[in-house]
Structures are given as C-alpha cells and as structure tokens.
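Worksheet: one structure, shown below.
Every read-out reported here was derived from the displayed coordinates using simple, explicitly stated rules and does not represent laboratory data. Not measured: the values here are computed from a predicted model. Methodologically, a virtual Cβ is constructed for each residue, glycine included, from the backbone with ideal geometry; neighbour enumeration extends over all protein chains shown.
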Amino acid sequence: MIRKVAILANGGDVSGFNAVIRAIVKTAENNGVECYGYLDGYNGLLKNEYVKLSTSEGEMASGILQLGGSVIGSSTNANVFNYKVEENGEVTYKDLSDVCIENIKKEKFDCIFTLGGDGTQKSARDFSTKGVNVIGVPKTIDNDVACTEITFGYNTAVSVAAEALDRLHTTGETHHRIMVLEVMGRYAGWIALESAIAGGADIALIPEIPYDINKAVEKINERKEQGKNFSVVVVAEGAAPKGGTISILGTRNNGEGVDNTKLGGIGQIVANQLQELTGIESRSTTLGYMQRGGTPTAYDRVLSTKYGAKAMELALNGQFGVLTVIKNGKLDAVSLEEVVGRNTKIGAVSGNTAESNLRKVTMDNDLVKTARNIGICLGD
C-alpha cells in the first residue's frame with residue numbers, strides 16, 4: 001500500500017516542473033496518499049529538508065499549473081553518490097547515498113519521484129539498485145533523455161527559440177544582415193533543428209553533424225543570387241566544425257561525476273566567420289536562460305500533467321525502478337536500467353561520454369529529412 005510519497009525536482013529548471021508536481025499531488029490526493037516535496041533536489045534529500053504538498057486553497061501545490069520554475073526548487077550540482085565535502089580546508093568526495101536512504105526510511109516515504117534529466121535519472125537508477133522505490137519523470141529542454149520520444153520543458157524551449165527567430169528575421173531582412181541565434185541543447189541538436197524549421201531559418205548547425213562553414217557560405221551566397229540579402233542561422237551550443245571541438249566558456253566546480261563543462265560562444269564564432277567569408281554584416285544572439293524560464297506552453301502543461309498522473313499511477317500499482325515515457329505516442333514506462341544503458345557505474349551520473357545513454361538526433365529522423373527537403377543547410 002502506498003500511503004506517503006515524496007517528489008524531488010533536479011537539474012536545470014524548465015517550464016513544466018510545477019505542472020508535473022501538481023499532477024502527482026492531485027492524483028495522490030484522489031487516492032488518499034500524502035505527498036511531500038524535497039527542497040532543492042537531491043540536496044534536500046541529503047539534508048532531509050521537505051515540505052507538505054497540497055492542492056487545497058492557499059497551499060503550495062495550488063495554482064501552479066501555469067508557473068515556470070519549481071515551487072520546491074532544484075539543484076544542478078548534487079551528486080549524492082559522489083558528493084563534494086570540505087573538511088579541514090580540503091575538498092573530498094564521499095558517497096552519501098546511505099544518508100539519503102536513511103532519511104527516506106525515517107520519514108517512511110513509500111516512493112520517491114525524481115523529476116529530471118539523464119543525470120537525475122542515473123542517480124534514481126542507483127537508488128533503485130540500493131532498494132529505494134523510485135519512479136522517474138523525464139525533464140530537460142534538451143530532449144536528450146533516452147527511451148522517451150519527448151521530455152517536458154522541450155516544447156516551451158522550442159517555442160521561445162522560434163519566436164526569437166521570428167524577431168531576428170525582421171531585423172536581418174531590414175538591415176541586410178546575417179542573424180545567428182545560439183540555442184541550448186548541450187550535446188543534442190533537437191532545439192536547434194526544430195526551432196530552425198519552425199522559425200524559417202536558412203541554416204541549422206547541430207552537434208550531431210560536424211559542420212563545414214563553407215557549406216553555410218554556399219547557402220548564403222545562393223540566397224544572394226536569388227535577391228535575398230539576409231540569412232538566419234541557428235547554432236546549437238554543442239555544435240562543432242569538422243575536425244574541431246565544441247566551444248567551452250568555462251568549467252564549473254560542481255563536483256565529480258557530473259558534467260561541469262559550460263558550453264557557449266559558438267554563435268559568435270560562426271557569426272564572425274560568416275561575416276569574414278561573405279562580406280555581409282553578421283550579428284549573434286545567445287538566447288540562454290530565456291529558453292528555460294517562464295510560462296509553459298499548453299503542450300507542455302498537458303504533457304507534464306500526463307507524466308505526473310502516470311507516475312503516481314505506477315506507484316499505486318507498485319511498479320518501481322522505472323521512468324515514465326512516451327513511446328509510439330502513448331504513455332508507457334521503461335526500466336531505469338534501460339534508460340542508463342551502459343552507464344552503470346555508481347556515482348558517474350552524466351556527461352557526453354561513451355557510456356552516457358543520451359538521445360541524440362539521428363540522420364534518419366523526420367526532422368532531419370524535413371529540414372533537408374525544404375532547403376535548410378545543415379553544414380554538411
């Protein structure tokens with residue numbers, strides 16, 4: 001019998017966090033289950049800091065469907081299986097997962113819902129291996145969580161990027177410029193590719209296709225010959241030239257076992273190269289955190305609600321150690337073991353490694369085919 005559950009939101013914020021929380025709580029309430037929320041992701045689980053969640057008037061989970069962010073916070077640097085600890089002025093890393101497990105047992109939580117991306121779900125899998133009842137919900141604007149067709153937060157990010165392209169389009173056309181938009185996505189090009197199609201971009205450079213800048217130049221010159229003296233370019237932050245490497249702004253110190261690489265800067269690099277090679281004035285805009293914040297789209301509100309309700313349904317049915325997914329357009333669940341793939345080492349949670357099971361754009365994907373069919377240059 002499920003009587004008491006807890007939710008934690010982890011990783012970068014996305015639009016839809018609160019809609020998932022609300023759906024879990026509502027479904028729990030309709031089945032006589034108490035619901036709580038750990039504050040600030042896995043940090044809250046480690047510190048045993050949590051709050052009661054209720055959709056009653058004036059309570060924390062009431063009126064949050066349309067709100068961006070997370071009412072229970074989130075964390076981007078809490079790998080409790082390899083946690084950064086400062087002792088006597090020295091930094092060490094410890095596996096503090098057993099502390100978390102004792103907190104769960106002490107509070108008598110029957111299930112923990114983990115809302116997050118690949119790193120969050122890797123830790124969820126590790127907790128499942130150690131006997132904790134865990135159910136994951138796939139969150140990330142990057143849309144790169146394995147085994148599901150779409151993550152919540154992604155549609156809102158694409159919509160924001162598409163609107164930005166609409167605005168850049170008019171400026172580029174007015175001033176006869178090349179307008180470059182750098183979007184998020186880390187090692188996956190979903191946002192860049194889909195927003196390029198939605199926003200009418202002429203060129204889209206994504207991590208999955210190492211680009212030749214001369215191919216982009218050819219596209220721009222082709223447009224010039226057609227009397228079009230401007231072009232719109234979308235660049236994913238993880239895009240890289242053939243034979244080159246991704247652009248890195250810096251390295252965070254968020255602990256071992258997490259991806260501390262801060263990507264960015266490729267948009268300006270591409271804009272500079274295009275201006276030099278075409279002679280057309282170029283401008284770069286980095287959309288940044290605008291993609292993650294604010295009100296979720298109607299699509300993300302519905303998707304998040306479906307995911308949250310399904311997660312609680314799985315708990316009521318005693319189905320743990322799984323991730324809620326969309327498979328063949330329908331709600332489903334897959335084991336967390338399948339989600340992490342070969343990334344089975346305890347403590348290593350995320351990153352663009354050979355073991356990471358990230359969902360990337362494949363060349364047979366309909367988005368790639370569509371982009372090519374309508375003449376978007378992909379840099380190859």
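Observations
- Whole-angstrom gap from the stretch 282-310 to the stretch 38-100, using each part's C-alpha centre: 22
- 222 nm mean residue ellipticity, helices alone, for the chain (DSSP H n ≥ 4; -39,500 (n - 2.57); rounded to 500): -10500 deg cm²/dmol
- For the stretch 1-156, Kirkwood radius (reciprocal of mean inverse C-alpha pair distance, Å): 15.8
- Value in Å of the Kirkwood radius, where the stretch 76-151 supplies the Cα pairs that are averaged: 13.7
- Dipole magnitude for the chain: computed about the Cα centre from +1 point charges on Lys and Arg Cβ and -1 point charges on Asp and Glu Cβ, it is near 420 debye.
- Pair N229, T295: separation of 7 Å Cα→Cβ label points (nm): 3.9
- When each of K224/K262; K219/K327; K242/K330; K106/K262; K122/K262 is checked by Cα-Cα distance, pairs over 32 Å: K224/K262; K219/K327; K242/K330; K106/K262
- Environment charge of S304, counting only residues whose C-beta is closer than 10 Å and scoring Lys/Arg +1, Asp/Glu -1: +3
- Potential lengthening of the chain between I101 and E49 amounts to 17.4 nm, from the contour at 0.36 nm per residue minus the alpha-carbon distance.
- Hypothetical label at K262: residues of the stretch 123-160 whose amide nitrogen lies under 20 Å (7 Å Cα-Cβ projection): 141-142
- The lysines whose alpha-carbon is closer than 16 Å to the alpha-carbon of K94, local same-chain residues fewer than 8 away aside, are K47, K84, K345.
- Full extension of the chain between L331 and V302 gives 9.2 nm of extra length, using 0.36 nm per residue less the Cα-Cα distance.
- Long-range HN-HN contacts of C377 with modeled amide H, under 5 Å: I203, A204
- Residues whose placed amide H lies under 5 Å from that of E182, excluding near-sequence neighbours: V235, T285, T286, L287
- Straight-distance crosslink candidates among aspartates and glutamates, where the alpha carbon sits under 16 Å from K310 and sequence neighbours closer than 8 are dropped: E29, E149, D300, D332
- Residues listed by number, the stretch 299-322, amide nitrogen under 17 Å from T370 label point at 7 Å toward C-beta: 299-300
- Computed over the chain: relative contact order in percent, which uses C-alpha pairs under 8 Å that are six or more apart: 22
- Pairs with C-alpha atoms separated by more than 20 Å, drawn from the list K108/K130; K52/K139; K26/K52, are K52/K139.
- Placing pseudo-labels 7 Å out from each Cα toward the beta carbon at I346 and E281 gives an inter-label distance of 6.1 nm.
- Taking other residues whose beta carbon is less than 14 angstrom from the beta carbon of E29, and scoring Lys, Arg as +1 and Asp, Glu as -1, yields +1.
- The DSSP beta bridges internal to the chain are antiparallel in roughly 35% of cases.
- Legend: calculated FRET efficiency, E222 to I248, from the Cβ-Cβ distance at R0 = 41 Å, rounded to 0.05, equals 0.80.
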